[in-house]
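Just below is one structure, and these are the notes that go with it.
The values are calculated or read from the model by the stated rules, or taken from the named source; none is laboratory data. Because the structure is a prediction, the values reported are computed rather than measured. A quick note on method: Cβ atoms are made from the backbone with ideal geometry, for glycine too, and the neighbour counts reach across all protein chains shown. All accessible areas refer to the heavy atoms of the entire protein, side chains included, with ligands and DNA or RNA removed. Shrake-Rupley method; radii C 1.70, N 1.55, O 1.52, S 1.80 Å.
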Amino acid sequence: MELGSGRRPFRFRAAGARKRGRRTTDGEVVGGGSGAMGSHGVGTLHRYLGEEGAAEMHGDYNQQQSPPKLLTLPTVLTLGRVAAVPLLVSTYHMNGCWAPTATTSIFLVAAFTDWLDGYIARKMRLGTAFGAFLDPVADKLMVAATLVLLCTEPADIVLFVDVPWLLTVPSIAIICREITMSAVREWAASQGSRALQSVAVSNLGKWKTAAQMTALSILLATRDPR
């Protein structure tokens with residue numbers, strides 16, 4: 001059986017016969033089966049199937065189309081730390097012998113999740129750009145809120161009574177330092193990776209955070225109940 005189209009005829013062969021591709025006068029391969037596809041490479045494959053069809057045949061379709069996850073487990077823990085800030089403020093101003101214990105417990109859980117979300121992100125490779133942005137923001141919110149609360153109603157310690165600025169001045173210095181470092185890191189991110197590496201978190205910064213969390217926990221725990 002032949003089809004006349006002004007070009008060389010296309011002949012249908014038996015189903016059991018091996019199909020071979022033939023190139024027409026305009027360079028297009030016709031009449032070829034899987035052997036023709038393999039012999040003419042990826043370009044021919046894309047002409048037959050299109051970009052999406054070829055990607056799906058190679059098994060890359062799902063990887064190209066699936067968006068990165070926004071709410072991973074570390075990010076959820078970080079969001080929980082942000083949500084704990086108003087809860088911390090509420091329990092701090094409540095009356096009762098249980099109020100200082102509740103406030104200290106909330107702060108300790110938040111400090112623990114600060115370490116836990118980073119550990120999970122590294123071990124399970126769940127780090128995201130949104131999580132990396134939100135983590136230091138959550139830390140600064142928790143620390144700043146605690147410092148302000150302690151300055152408004154400090155612990156009943158003789159040293160703080162005799163020297164009232166002993167807690168206020170360090171609190172102002174810590175909050176100013178956090179704001180300044182955030183601005184510097186934002187500027188470094190706009191300048192490129194080399195400038196960002198120069199202000200990356202070091203081991204000294206981690207030890208500073210640990211000492212800061214410990215001191216604030218002690219101050220919250222030693223506060224006399226109303």
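Evaluated with a Cβ-only charge set (Lys, Arg +1; Asp, Glu -1), the stretch 85-172 carries a dipole of roughly 440 debye about its Cα centre, given to the nearest 20.
Between Leu116 and Leu196, what FRET efficiency comes out of the Förster formula 1/(1 + (r/R0)^6) with R0 = 22 Å and r the beta carbon distance, rounded to 0.05?
With a Förster radius of 22 Å, E is 0.30.
Remark: accessible surface ordering of Arg185, Arg223 (largest first) is Arg185, Arg223, probe radius 1.4 Å. Measuring between their Cα centroids, the stretch 164-208 and the stretch 131-152 lie 13 Å from each other. Note on Asp156 and Arg177: the extension gain reaches 4.9 nm, defined as 0.36 nm multiplied by sequence separation minus the Cα-Cα distance.
Going through the cross-link list Lys69/Lys123; Lys140/Lys208; Lys69/Lys206, which pairs have a Cα-Cα distance over 20 Å in this structure?
Values: Lys69/Lys123 17 Å; Lys140/Lys208 13 Å; Lys69/Lys206 27 Å.
From the list (Lys69/Lys123; Lys140/Lys208; Lys69/Lys206), the Cα-Cα distance tops 20 Å for Lys69/Lys206.
Enter the accessible area per residue of the stretch 160-225 (Å², integer; probe 1.4 Å; all protein chains in place).
Value for the stretch 160-225: 69 Å² per residue.
Between Val148 and Leu73, the contour length at 0.36 nm per residue exceeds the alpha carbon distance by 24.0 nm. Across the stretch 114-226, C-alpha contacts under 8 Å between residues 6 or more apart give a mean separation that, scaled by the residue count, equals a relative contact order of 31 percent. With the simple spin-label model, which puts each label point 7 Å out from Cα in the Cβ direction, the Asp224 to Ala83 separation comes to 3.6 nm. Counting only protein chain heavy atoms and rolling a 1.4 Å probe, the accessible areas of Tyr119, Tyr92 rank, largest first, as Tyr119, Tyr92. Here the simple spin-label model places points 7 Å from the Cα toward Cβ, and for Glu186 and Met124 these points are separated by 3.1 nm. Here the alpha carbons of the stretch 172-226 define both size measures, Rg and Dmax, at 15.5, 52 Å.
Multiply the residue gap between Asn203 and Asn95 by 0.36 nm, knock off their C-alpha separation, and tell me the result in nm, one decimal place. Display every interim value, and only then the final one.
On the way: separation 108, 0.36 × 108 = 38.88 nm, distance 3.94 nm.
So the chain would gain 34.9 nm between Asn203 and Asn95.
Computed over protein heavy atoms with a 1.4 Å probe, the carbon and sulfur contribution to the accessible area of the stretch 118-182 reaches 73%.
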